[in-house]
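Novice: Take a look at this one; I'll ask things after.
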Amino acid sequence: MSKTLTFRKMNTEDIDQVLNVEKQSFTLPWSREAFFNELNHNQYAVYMVIEDEGNIAGYCGAWIVIDESHITNIAILPEYRGQKLGEALLRKMIEISISMGVVRMTLEVRVSNAVAISLYEKLGFQKGGIRKNYYTDNQEDAYVMWVNFS
């Protein structure tokens, strides 16, 4: 990893690298079409990448509607994990969301994903409920987590 990491808005040229991150991170990865539609047809979507010398190390997406932001996905390549890049990326998305007038943020996370839950709690998120059988690959439940900024 280089000493210079760059945050920037995701664009359609990033989709191939983002798909690589997605496939290495999730059992139910999003498709190329899903990312293309998010970037080109969803007026509420905001997607960021974190780059290491031109290589995408991770990404984060959110839907920002009026004063709420919902994290759609966040992922870091395995070789970059454990270096607080996920935290940096989520903090950047929080900063962007607040600058757009957001007062609360929500997300879902697998109940078994202790590392992610710990990160979210560190950033002030609280468990607000459970979505039963949320993940279709194994019917795992998801915690709904939220944080208020005001």
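Novice: Report the Cα-based extents of the range 4-82 along its three principal axes, largest first, to the nearest Å.
Specialist: Sorted from largest, the Cα extents of the range 4-82 read 35, 27, 23 Å.
Novice: Straight distance only, please: which aspartates and glutamates reach the Cα of K122 with their own Cα at less than 14 Å, same-chain residues fewer than 8 apart left out?
Specialist: Cα-Cα hits under 14 Å: E87.
Novice: Express the C-alpha Rg of the range 37-150 as a ratio against the empirical globular expectation 2.2 N^0.38 Å, rounded to two decimals.
Specialist: 1.06
Novice: Could you give the length gained on full extension between Q139 and Q126, defined as 0.36 nm per residue of separation minus the Cα-Cα distance, in nm?
Specialist: Extra length from Q139 to Q126 when fully extended: 2.4 nm.
Novice: Quote to one decimal, in nm, the extra length available between Y44 and L28 on full extension: 0.36 nm per residue of separation minus the C-alpha distance between them.
Specialist: That works out to 3.5 nm of additional length.
Novice: Now a separate question. Using the Cα centre of the chain as origin and beta-carbon charges of +1 (Lys, Arg) and -1 (Asp, Glu), tell me which of N11, G101, G129 is placed farthest towards the positive end of the dipole.
Specialist: Working it through, the farthest residue towards the positive pole turns out to be G129.
Read-outs throughout are calculated quantities, based only on the coordinates presented, and are distinct from any laboratory measurement. Everything quoted here is computed from the prediction, not taken from an experiment. So basically every Cβ, Gly included, is an ideal-geometry build from the backbone, and we count neighbours across all protein chains shown.
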